[in-house]
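Each reported figure results from applying straightforward, stated rules to the coordinates on display, with no laboratory input. Remember, it's a predicted structure, so these values are computed and weren't measured experimentally. A quick note on method: Cβ atoms are made from the backbone with ideal geometry, for glycine too, and the neighbour counts reach across all protein chains shown.
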Amino acid sequence: MILGVNVDHVATLRQARGGYDPEPATAAALAILGGADGITAHLREDRRHVNDRDLRLLREFTKAEFNLEMAATSEMVGIAIQTMPDLATLVPEKRKELTTEGGLDMKGDFRKISDAIKKLNGKAIQVSLFIDPDEMAVERAAKAGAQMVEIHTGYYANASRKNALEELKRVQASVALAKSAGLMVNAGHGLNYTNVKAVAGLPGIRGLYIGHSIIARAVLIGIKDAVREMKGLIAEARAGFTG
Ligand code: PXP
């Protein structure tokens with residue numbers, strides 16, 4: 001099973017101050033050293049975190065699978081064709097949302113989504129659709145001509161203890177249905193160090209796509225080393241060491 005690491009949150013931290021620190025592309029290189037099988041970045045219409053420069057650098061740095069998350073708009077299709085990711089994942093996009101809130105509207109946006117798939121496939125870019133764990137969405141994803149789906153695990157991740165098993169079963173049933181429709185099946189959203197095992201244990205899943213929990217964990221486990229390094233520099237200066 002592959003793990004795609006989403007580096008949007010590194011870009012969000014960079015945007016808090018502007019400038020270049022931390023670089024999502026550096027985070028991507030380190031994630032790959034850590035064993036990530038792929039890197040994901042979401043270029044939003046308002047460029048609130050990942051920007052066009054990040055995409056160019058990420059494409060260059062990511063020899064593993066580079067997954068571009070994007071809305072099914074003509075601007076984004078054009079950018080994808082220039083960038084040539086290994087995979088384009090179509091997601092719905094609302095300007096004010098904190099993160100992608102739900103799966104694609106496979107009914108209302110069916111035409112727009114199938115047109116985007118045709119254009120991307122025409123340039124040899126595989127397409128995955130981020131969909132809710134429901135039957136209609138899976139069936140329409142297959143009809144739209146996608147190669148893959150990513151089943152939204154956020155409902156499971158955010159469910160109360162009482163409802164978690166039921167939500168997990170919805171994910172499981174959607175994975176099985178998508179497989180039987182001939183689609184490759186991924187899953188993602190809201191997965192973390194406590195809930196990942198239940199999803200990773202489901203049969204038929206090709207890959208998991210995880211962002212927030214990994215970057216949040218990296219911030220915490222990296223703090224001791226970062227402070228130690230800064231203390232070392234201060235101590236060297238105080239000792240009159242300038243080399
Ligand atoms: N998959 C998709 C389609 C997403 O939009 C996101 C969030 O950017 C993720 C996976 C990763 O979600 P999380 O950051 O909650 O791990």
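Brief remarks follow.
- About the Cα centre, charge dipole magnitude for the chain (Lys/Arg +1, Asp/Glu -1 at Cβ), debye: 200
- Counted residue by residue at 0.36 nm each, then reduced by the alpha carbon distance between them, the extension gain from L30 to A164 reaches 44.9 nm.
- When Rg and the Kirkwood Rh are both derived from Cα coordinates, the Rg/Rh ratio for the chain amounts to 1.03.
- The protection proxy used here, the mean number of other Cβ atoms lying within 10 Å of each residue, ranks peptides 156-165, 200-209, 83-92, 217-226 as follows, highest first: 83-92, 200-209, 156-165, 217-226.
- All lysines inside 20 Å of K94 as judged from Cα atoms, apart from same-chain residues fewer than 8 positions distant: K107, K112
- Peptides 143-151, 117-125 ordered by average Cβ neighbours within 10 Å, highest first: 143-151, 117-125
- Protection proxy ranking of 131-138, 191-198 - average other beta-carbon atoms within 10 Å, highest first: 131-138, 191-198
- Calculated [222 nm] ellipticity per residue, helices only, for the chain: -15000 deg cm²/dmol; basis is -39500 (n - 2.57) per DSSP H run with n ≥ 4, divided by all residues, nearest 500.
- The label point for E60 and the one for Y20, both projected 7 Å from the Cα toward the Cβ, are 1.1 nm apart.
- Dividing the mean sequence gap of close Cα pairs (under 8 Å, 6+ apart) by how many residues the chain holds gives a relative contact order of 16 percent.
- For segment 137-243, the relative contact order is 25 percent, taking Cα pairs closer than 8 Å that sit 6 or more residues apart in sequence and dividing their mean separation by the residue count.
- Spatial extent of segment 116-243: Rg and Dmax, with the Cα atoms as the point set, Å: 21.5, 70
- FRET efficiency estimate (nearest 0.05) - Cβ-Cβ, E45 to A237, R0 45 angstrom: 0.50
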